[in-house]
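Computed from the coordinates by the stated procedures, all read-outs in this text should not be read as laboratory data. Quick caveat: nothing in here was measured; it's all calculated off a predicted structure. Cβ placement follows ideal geometry from the backbone for every residue including glycine, while neighbour counts extend to all protein chains displayed.
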Amino acid sequence: MNPKCKIAVFASGSGSNFAAIEEACRSGTLNAEIVLMVTNKPEAYVVKRAAQAGIQVAAFPSSEYATRAAYEKDILKKLQEVGAEWLVLAGYMRLIGETLLTAYPSRIVNIHPSLLPSFPGKDAIEQAVEHGVKVTGVTVHLVDAGMDTGPILAQRAVDVIPDNVEKTAEAIHAVEHDLYKDTLNRLFHA
Ligand code: GRF
């Protein structure tokens, strides 16, 4: 068995992907250990989930920093302290800057709720439903300096439920939780 990868999960929201990754690490279906949960939103629900799971939380409210470089320098210090080897973004609502990209080259992964390059950015599920596309999906990709633009690692299609953002989102989230775990396993132990 390969040694477990040490990962830091970055999240700003509800954290259903964080919870799925945490559960997979605990049950051994993902051969990794979450050494830190990083957030820019101390009030986000994901912070509660992490605390309940006994995962260390590091909150860095970005408004307290004058520059992205200063903000990421503090995050990097913490990541090095806990020995994080990979950064896994799961609903982290900030672009990654030069400091973290340089420290973790090709070691930052993101998940996005569309078939990129369609519908990048915010509200991807709403955009797909409003646009009337019949099929949308989920993309896991490596992170670069752009918004949802890095090399694609995996994609899975999901049927759009016409005029129904809520039900389409439910279907997408279920696929996300499964696809992220499988893709990370392949990536960490390639
Ligand atoms: C997911 O749809 C993910 O693809 C996107 O942000 C959402 C986060 O959801 N990047 P959750 O907080 O993990 O429930």
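Here segment 32-106 is treated as a sphere whose radius is the Kirkwood value from Cα pairs; by Stokes-Einstein at 25 °C and 0.890 mPa s it diffuses with a coefficient of 190 µm²/s. Summary of the geometry: segment 1-25 and segment 65-83, compared by the centres of their Cα atoms, lie 20 Å apart.
Note on segment 116-156: Rg/Rh from Cα positions, Kirkwood definition for Rh, rounded to two decimals, is 0.98. Here the extension length gained between Ala51 and Glu166 equals 38.6 nm, from 0.36 nm per residue of separation less the Cα-Cα distance.
Could you work out how much longer the chain between Asn2 and Met93 gets when fully extended? Use 0.36 nm per residue separation minus the Cα distance between them, nm to one decimal. Kindly include the intermediate steps, with their values, before the conclusion.
Values: separation 91, 0.36 × 91 = 32.76 nm, distance 3.18 nm.
Additional length available on full extension: 29.6 nm.
Can you tell me which of 6-16, 142-152 comes out highest on packing, and rank the rest after it, using the mean Cβ neighbours within 10 Å? Can you show the working numbers first?
On the way: 6-16: 21.7, 142-152: 15.1.
Put in order of decreasing packing, that is 6-16, 142-152.
Summing charges over neighbours of Pro105, with a neighbour being any other residue whose Cβ is under 14 Å away from its Cβ, gives -2 when K and R count +1 and D and E count -1. Over all pairs of different C-alpha atoms in segment 75-119, the reciprocal of the mean inverse distance, the Kirkwood hydrodynamic radius, equals 11.8 Å. Think of segment 85-190 as having a plus end and a minus end, set by charges on the Cβ of Lys, Arg, Asp and Glu; of Ala169, Gln155, Ser106, Ser106 sits farthest toward the positive end of this dipole.
I want the local charge near His189. Using Cβ-Cβ distances under 15 Å, sum +1 for each Lys or Arg and -1 for each Asp or Glu among the other residues. Summing Lys/Arg as +1 and Asp/Glu as -1 gives +2.
As a size descriptor, the averaged projected area of the C-alpha convex hull of segment 49-190 was calculated at 9.4 nm². For n ≥ 4 DSSP H runs only, could you compute -39500 (n - 2.57) per run for the chain, divide by its residues and tell me the 222 nm figure to the nearest 500? Counting only the DSSP helices, I get -12000 deg cm²/dmol. Taking a ≥ b ≥ c as the square roots of the eigenvalues of the Cα gyration tensor of segment 107-190, is the shape rounded (a/c under 1.5), prolate (a/b larger than b/c) or oblate? Oblate.
Highest mean packing comes first when the peptides 154-163, 28-37 are listed by Cβ atoms within 10 Å, giving 28-37, 154-163.
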